[in-house]
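Below: the structure, in structure tokens.
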Amino acid sequence: MSVGLQRLREEPDVIRKGALDKGEDPSVVDAALSLDERRRALLAEGDGLKAERNTASKRIGEAIRGGADPNGADVAELKAASTRVGERIDAIDAELATVEAELDEALLRIPNPADP
């Protein structure tokens with residue numbers, strides 16, 4: 001069983017000491033914390049971009065319902081912006097998958113500290 005993220009965030013010094021006590025390299029704790037921080041940043045960025053994409057989609061629909069030409073320059077510009085945001089979301093999702101895999105691996109390498 002591996003150390004949970006919540007405990008790792010709350011008690012990194014205890015987890016580091018536990019690793020040392022068991023003869024393991026405590027630097028994996030710092031690596032896991034760094035990966036967790038990156039994961040959380042990517043999740044936040046992705047959520048923000050998804051909200052932005054949803055807003056852009058809504059604006060496209062409103063423009064068309066408002067009488068704008070679906071093939072016109074204004075709608076095309078909105079669609080292009082939405083596409084760029086979607087591409088960035090895809091890139092974030094790919095990076096997030098990599099970071100999560102690395103984090104899972106790091107967590108498996110951290111031993112549970114001995115009971116006090």
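Numbers at a glance
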quantity	calculated
FRET E, pair ASP30, ALA97, Förster distance 25 Å, beta-carbon r, rounded to 0.05	0.70
Among GLY72, GLY86, GLY46: highest mean-square fluctuation, GNM of the chain, C-alpha pairs under 10 Å	GLY72
Under the span-like rule (Cα at least 18 Å along the axis, Kyte-Doolittle mean at least 0.0), DSSP H helices of the chain	73-109
Spin-label model distance (nm) - GLU11 vs ILE64, 7 Å beyond Cα toward Cβ	5.5
Cα centroid of region 77-108 to Cα centroid of region 1-66, whole Å	12
Reported label for calculated log10 I(q)/I(0) by the Debye sum over Cα atoms at q = 0.12, 0.14, 0.15 Å⁻¹ given (i) -0.50, -0.63, -0.70; (ii) -0.66, -0.79, -0.84; (iii) -0.58, -0.66, -0.71	(iii)
Mean ellipticity per residue at 222 nm, deg cm²/dmol - from DSSP H runs of n ≥ 4 across the chain, formula -39500 (n - 2.57)	-28000 deg cm²/dmol
Length-normalised contact order for the chain - Cα pairs under 8 Å, 6+ apart - percent	50
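Taken together, the values in this text are just the output of simple stated rules run on the coordinates, not laboratory data. Quantities reported herein were computed from a predicted structural model and do not represent experimental measurements. Every residue, glycine as well, gets a Cβ built from its backbone with ideal geometry; the counts of neighbours run over all protein chains shown.
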